[in-house]
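Below is one structure; the comments refer to it alone.
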Amino acid sequence: MLIVEDLHKTYSTPQGPLPVLRGANLTLGDGETLAMMGDSGSGKSTLLHLVAGLDAADAGTIRLGETDIAALDDAARALLRRNRIGVVFQQFNLIASLTVQANLAFQAKLAGRYDESWQSELTERLGLSDVGARYPEQLSGGQQQRVAIGRALAARPELLLTDEPTGNLDVETGEAVMQLTLDLVARTGCTLLMVTHSASIAGMLARQVRLDRGRLV
Amino acid sequence: MIHILKTLLSHWRRHPMQLVALLVGLTIATALWSGVQALNAQARDSYNKAAQLLGGDRVESLTLVNGALFSDKAFAELRRAGWIVSPVLEGQVRVNGKSLRVIGIDPLSLPRAAALATPATGTEISEDGKGFQSFLTRPWQSLIALSTMEQFGLGTDAPAITETGITLPALTAAENVTPGILVMDVGAAQSVLEAVGKLSRLLIDPDAKTSTTPLEDATSIPLQRTSESEVSGDLNRLTDSFHLNLTAFGMLAFLVGLFIVYSAITLAFEQRLPMLRTLRACGVSALTLTIALLLELLTLALIGGITGVALGYLIAVALMPDVATSLGGLYGAQVSGSLALSPSWWSAGLGMSMIGALAASSYSLAKAYWMPPLATAQRFAWREAQERRLNWQSGIALALLGLAIILYLFGNGLVVGFAILAALLVAGALALPPLLSLILRVGESHAGGPVSQWFWADSRMQLSGLSVALMAMLLALAANIGVGTMVDGFRKTFNDWLDQRLVAEIYLDSLDETRFDAVMSWLDLREDVTVLLPKNRVDVRIEGWPVRVLGFVDHESYRDYWPMKAANPDLWDAVLSDEAILVSEQLAQRLTLRLDDTISIGEWQPRIVGIYPDYGNPKGQISANIDTVAHYFPDAGPGGIGVRTDDDNIESLMEALRTQFNFTGSEMIDQASLKAFSKGIFEKTFAVTAALNVLTMLVAGIAMFMSLLTLSEMRLPQLAPLWAGGLTRRKLAMLELGKTIALALFTAMLAVPLGLLVAWCLIAVVNVQAFGWRLPFHVFPYQWIWLVALAILTAFVASLMPTLRLRTIAPMRLLRVFANER
Ligand SMILES: Nc1ncnc2c1ncn2[C@@H]1O[C@H](COP(=O)(O)OP(=O)(O)O)[C@@H](O)[C@H]1O
Ligand SMILES: [Mg+2]
C-alpha cells in the first residue's frame, strides 16, 4: 500500500522559488498499476523521485506499508531503495562496467534476494539470453530498457517506479516492452507507478491520473 | 581561423582544471629539465673558464712528467735559446677552512691567447693607478672573483691570511678570474706557496715563432710538452658522469611531466570530439582544423614554457650551492655558487616545452586530421578495446625489455647504460596497465557480493583513464627506489669501507719535504706513537688518465685491514718487491686491467697482484711499496703520514704536534673528523639527488591529482545507477577512494621490483661505466615501506577533493543523469 499525502516540493532557481508539487495526494493498493500523465514540466519526475526516496520532500508524507519515506534519512532511504523499491528511468539505467548478466543480477544480489530460477526465467522472458555476456554499450535501446526492467524486477520489489521507460523507444518497441513489463509485474504481484506521456501506454494500466498544477486529479 | 580558434578555446573556459593540468604539466616538465641544464651549464662554464685562464687548448705547456715543480732556471735557459715561454706556478692555499687555487703568472710574457692576458685584466691591474707596477712588485696584488671573495668571507680592506700563517697579497676583485682562483705574479706565488725558485710549468706562446733549438738542447731539465686540453679535459672527463646523472634525472622528470600533458591533451581532445565534428560538418577542412589545434597547443606550450623556465631557474638557484660543494669535494672542481644564464638556455627551455607538447599531442593531432566528420558506431565494447590496447602495450613492453637485455649483453659504455635504464623504465610503465588489469581480473573473479564485483570491474574500466597518472607514479616510485637503493647502498658500503680503510688514528698531510722529515723523526721518538705509516706519492698519467701513485710501508695494519676486491694470495709479500703493485678498482675498470696483468709506467713494468675499492675517488690510484716508488720516481713527494696511537692518547698527541709544528686544520686530522669530512661530501651529492627525487614524486602526485579531478567529472553516469539502486553517496565516495588507493597500492607494489631492477642497472651498469666501481647490492626494505606509504598518501590526498565532493553532491545532479533534458 502506497499512500502519498499533501506532498510539497519547491525548487529554488535563479529566477526565484519554483513550486512544483503543491499538496499532491495519491493512494495505490498492493498489486495495483497506475499511470501518471501530465504536461512536460508538471512535476511527474519530481513526484517519482520523492516516492523513490531519491530526493527529500519539503512537506507531506509518503507511506509505503508502515514506512514513512519522507521522514527517513539518507542512509535509510538508500536501504529502502535497495530492498523494497525498483526504479527504471528513461536512460542511463545500467552499470557500464558490468555485463548484461551482472547488471540483471545486481539489484537482487544487493537486496540479498537473488534467485537463480527467477533470474533465468526473467532473462528468458525478456529475450536477453543471447546477450548475457555483452556490455550495455553493445545493446540496442530496447534491449537496454529490458535489462533495466529485468534488473528492477529480479529483486522482487514491493513497488516498481518507472519514469518514461519507453520514451526513447519507437512506438512498437515501446509497447512490446510495456506489455512484457506488465506481464512480469503481474507475475511478481508488485505495485507499479509509471510516468508516461503516451496515452496508449497509459491505457494498458489499470488506473490513470494526471498531474496538474502540483496536484493529482 | 580566429573564429575557429575562439570556438576551440571556449572548451577551456568550461573545463578550467584541464587547462591548469596542461599548463602545470608543461611547466613542471620544462622546469625540471631546464633547472638541471642550468646546473650543468653553470658547472661546465666554470671548468671552461678555468681552462681558458691560461689559454685553453691553443696553449701548450712544458712540464715535468710527474707534474712536480722544477727550478725556474729552466725559464732562463729556454729564453736564452729563443723559446718564447711564460712561467707559471700553481698550487693550493687554504683560507678560512677552504682551499683556493693559486696561479702565479708573469703578465709581461703571458701569451695573448690566455684569458688572463685580455685587456680586462690590464685595466683591473692598473685600476690602482700604478698600472702593472703594483701587480708585479712587492707587496704585490692578487686578483680574485668577487663571488669567491664573498664565499670565503674575504674583503679588500683586511689582509687575507692562509692557514699556514702567510699573508696573501692585497686582494683585488677581477671579473675575468674564475671562481675559486687567486691570480698573482709568479714571484708572489713563489713566496705564498713557499716554493721559491720553483715553477710548475712554462706556457708556450702559440702566436710566437717557435725556436729552432730542440727542447732537449735548450734546457737540462727533462721537460715535456703537454697541451692544456689534457689538463682541463680531466675535469670534464671526471665530472661527466656527475652531470650525466643530473641530466638523466632531468630527463626522467621531463618524461613524467609529459605524462600529465599527454593525459590532459587526450582528455580535452576526447571531450571536444563532438565540437570538432560539428566544425567539420560546418565546412572546416581537416587541415585547417589541425592547424588551429596546433596553434592553440603551441600558444599553451609557450605559456607553460615561460613559467617552466622561470621555475627551473629557481630550482637551479636552490640546488646550485649543494652541486658546487659536491663537485668541489669530489673532483676539486671550482664552481661558482651563483647562477648566470645565457639567452640560449632560456630559448632551449622554451624549445623543450614546445617539443614536449608536440610529442604529447601528436596522437591526438593525427586523430583530428584523419577523423571522419561523422561519428561511427563503436566497433568494440570497452573491454575489447581495452584488451586490444593492453595487448599492444604488453607487446611493446616486452620488446623494450628484450632491447634492454640485448643492450646489456652486447652494449658498452655509459650511454648504453642509460639507454638500458630508459628502456627498463618505459617497459615498466607500459607493462603497468596490463599487470594492473590482471590483478583486477583476479580480484573480480574472487569477488563475492555485487558491490565488490562492480568495484573490480569498474576499476578495470577506469584503468584506461587513470593509467597515465599511474604510470607517472610508477616511474617516480621506481626511480626513487632505484636511486635510493643505490645511494643507501653506496652510503653503507662507503661507511663500512671507510671504517676498514682508515686504520690510523691521526693523519698528517700537505707536508713539504723538510717538514715531513722533521715530523717523522720527532714522531719516531714519541712513546705514545705505536705505529708510523708514512707514504710518498707522485702523480703520473697512464694512457691519458691521471693516476696517483702512492708508496706505503709494509705493515700488518694494511695486511689485516685493507679490503681487496680481488687479490692474489701472496699479495703483501709480492708488493714488497718492486715487481708488484695494487691498483684501484676504477683504474682497473678504466684500463681493463685484471690480476696478473702488467702495466708500464715509464720504465717501470709492475704486475698487478691486488685490486682494491677506492670509492669516491675520481682519479685512478696505484699503491706500491714506498721504496719502489722512491726508486722509480726520484722526485716523488711526501704523501702524508698515518699515526697510530691508543685512543686515550689521540688528543694529547695532536696537541703536542700542534704546538711543535704549528699544524693547521688541513694538515692534521683525526680519524673521526676525516670520516665525517668524507661522509659530508657525499651527503651533499645525495642531497641533490634527494631533492630531485622529491620533485619527481611531487610531479607524480600532481599527475594523479589532475587525472582524478578531470575524471571525477565523468564519473557521475557510472555512479548514478548504483545510487538509484540503493547505495548511499557516502558509500560510493568510500568505494571511489578505496579504488584509487587500491590502484596506487598495486602500482607501488609493482614499483618495488621495477625499482630494484633500476637499482641493479645503476649499480651494475651505470656506476661501473661512470665511476669505475661496482657496489655490492644491498636492499633496504624500510625504503619500500616508506615509499608505498607515500604512494598511498599521495593517492589519498589526490582523491580527497573528488571524494568529499561526491559525498555531499546534490541528489539532483545525480538525477539529472537519468533525465532526457540533460
Ligand atoms: N533540481 C531542480 N532544480 C530546479 N528546478 C527543477 C529541478 N528539477 C526539476 N525542476 C523543474 O521543476 C519542474 C518539474 O520538473 P519535472 O518533475 O522533471 O517535470 P516532468 O517530469 O513532469 O517533465 C520543471 O519546470 C523543471 O524545470
Ligand atoms: Mg520527467
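Every read-out reported here was derived from the displayed coordinates using simple, explicitly stated rules and does not represent laboratory data. Just so it is clear, the structure is predicted and the values come from calculations on it, not from any experiment. Cβ placement follows ideal geometry from the backbone for every residue including glycine, while neighbour counts extend to all protein chains displayed.
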Long-range HN-HN contacts of B:Asn625 with modeled amide H, under 5 Å:
B:Phe552
In nm, the gap between the two label points placed 7 Å beyond Cα toward Cβ at B:Ser342 and B:Arg112 is 2.5 nm
Chain A, relative contact order in percent, only Cα pairs under 8 angstrom and at least six apart counted:
31 percent
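Please arrange B:His243, B:His3 by counting, for each residue, the other beta carbons lying within 10 Å of its beta carbon, fewest first.
Details: B:His243 19, B:His3 10.
So the residues, fewest neighbours to most, are B:His3, B:His243.
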Bridge orientation stat for the protein assembly as shown from DSSP, antiparallel percent rounded to 5, came to 65 percent
Relative contact order of chain B (C-alpha contacts under 8 Å, at least 6 apart) in percent is 16 percent
So, in Å, what gap is there between the alpha-carbon centers of the stretch B:186-202 and the stretch B:723-755?
72 Å
Taking the dipole of chain B about the Cα centre (Lys, Arg +1; Asp, Glu -1; charges at Cβ), the one of B:Gly602, B:Leu745, B:Gly104 that reaches farthest to the positive side is B:Leu745
Residues of the stretch A:32-69 with amide nitrogen under 17 Å from the 7 Å Cα-to-Cβ point of A:Ser12?
A:56-59
10 Å Cβ neighbours from other chains, averaged over peptide B:808-818:
4
Given contacts defined as C-alpha pairs under 8 Å and at least six residues apart, what's the relative contact order of the stretch B:510-665, whole-number percent?
34 percent
Using the structure shown, select from B:Lys492/B:Lys739; B:Lys49/B:Lys98; B:Lys198/B:Lys535; A:Lys44/B:Lys6 the pairs with a Cα to Cα distance greater than 29 angstrom.
B:Lys492/B:Lys739; A:Lys44/B:Lys6
Quick one: dipole size for the protein assembly as shown, taken about the Cα centre, charges +1 on Lys/Arg Cβ and -1 on Asp/Glu Cβ, in debye to the nearest 20.
5180 debye
Note, the stretch B:551-568: 3J(HN,Hα) by Karplus (6.51, -1.76, 1.60, θ = phi - 60°), whole Hz, Gly/Pro = x, goes x, 10, 7, 6, 7, 5, 4, 7, 4, 7, 10, 6, x, 10, 7, 8, 7, 6
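Rounded if a/c is under 1.5, else prolate if a/b beats b/c, else oblate: with a ≥ b ≥ c from the C-alpha gyration tensor eigenvalues square-rooted, which is the stretch A:38-175? Don't jump to the answer; show the numbers that get you there.
Values: a/c = 2.29, a/b = 1.39, b/c = 1.64.
Since a/c reaches 1.5 but b/c is at least a/b, the shape of the stretch A:38-175 is classed as oblate.
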Using the Cα centre of the protein assembly as shown as origin and beta-carbon charges of +1 (Lys, Arg) and -1 (Asp, Glu), tell me which of B:Gly356, B:Val323, A:Ser45 is placed farthest towards the positive end of the dipole.
A:Ser45
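Which whole number gives the average count of other chain Cβ atoms within 10 Å of the Cβ atoms across peptide A:136-142?
Details: counts 3, 5, 7, 1, 0, 0, 0.
What the average comes to for A:136-142 is 2.
If you place +1 on the Cβ of every Lys and Arg and -1 on the Cβ of every Asp and Glu, how big does the dipole about the Cα centre of chain B come out, in debye to the nearest 20?
On the way: 61 positive and 69 negative charges, 1240 e Å.
Computed about the Cα centre, the dipole is about 5960 debye.
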When the charge dipole of the protein assembly as shown is computed with +1 at the Cβ of Lys and Arg and -1 at the Cβ of Asp and Glu, the Cα pointing farthest to the positive end, of B:Ser71, A:Ala35, B:Leu756, is that of A:Ala35
Identify the trypsin sites (Lys or Arg not before Pro) of the stretch A:75-148 meeting these criteria: DSSP loop state and at most 15 other C-beta atoms within 10 Å of the C-beta.
A:Arg113
Residues B:Lys73, B:Lys6, B:Lys675 in order from fewest to most other beta-carbon atoms within 10 Å are B:Lys6, B:Lys73, B:Lys675
Can you list the HN-Hα couplings for the stretch B:260-276, worked out from phi with the Karplus curve (6.51, -1.76, 1.60; θ = phi - 60°), rounded to whole Hz and with x for Gly and Pro?
5, 4, 4, 5, 5, 5, 4, 5, 4, 5, 4, 5, 8, 3, x, 4, 5
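Out of the trypsin sites (Lys or Arg not before Pro) in the stretch B:563-642, which ones are loop residues according to DSSP with at most 11 other C-beta atoms within 10 Å? Present the calculation step by step, with values, prior to reporting the outcome.
Values: sites: B:Lys565, B:Arg590, B:Arg594, B:Arg607, B:Lys619; in loops: B:Lys565, B:Arg594, B:Lys619.
For trypsin sites (Lys or Arg not before Pro) across the stretch B:563-642 that sit outside H, G, I, E and B with at most 11 neighbouring Cβ atoms in 10 Å, the list reads B:Arg594.
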If you take each beta carbon of peptide A:81-91 and count the beta carbons of other chains within 10 angstrom, what is the mean?
4
Long-range amide H partners of B:Gly180 with built H, under 5 Å
B:Ala145, B:Thr148
Between A:Gln208 and residues 5 or more places away or on another chain, which pairs have amide H atoms under 5 Å apart, with H built 1.01 Å from N, and which residues are they?
A:Ala35
Kindly rank A:158-164, B:789-795, B:478-484, A:97-103 from highest to lowest mean number of other beta carbons found within 10 Å of each residue.
B:478-484, A:158-164, A:97-103, B:789-795
Where both partners of a DSSP beta bridge lie in the stretch B:510-665, what percent of those bridges are antiparallel, to the nearest 5?
65 percent
For the stretch B:733-745, just list the computed ³J(HN,Hα) in residue order, Karplus coefficients 6.51, -1.76 and 1.60, θ = phi - 60°, integers in Hz, with x standing in for Gly and Pro.
4, 5, 5, 5, 4, x, 5, 4, 5, 4, 5, 5, 5
As straight-line cross-link partners of A:Lys9, the qualifying aspartates and glutamates (C-alpha separation under 15 Å, not fewer than 8 residues apart within one chain) are A:Asp55, A:Asp58, A:Asp212
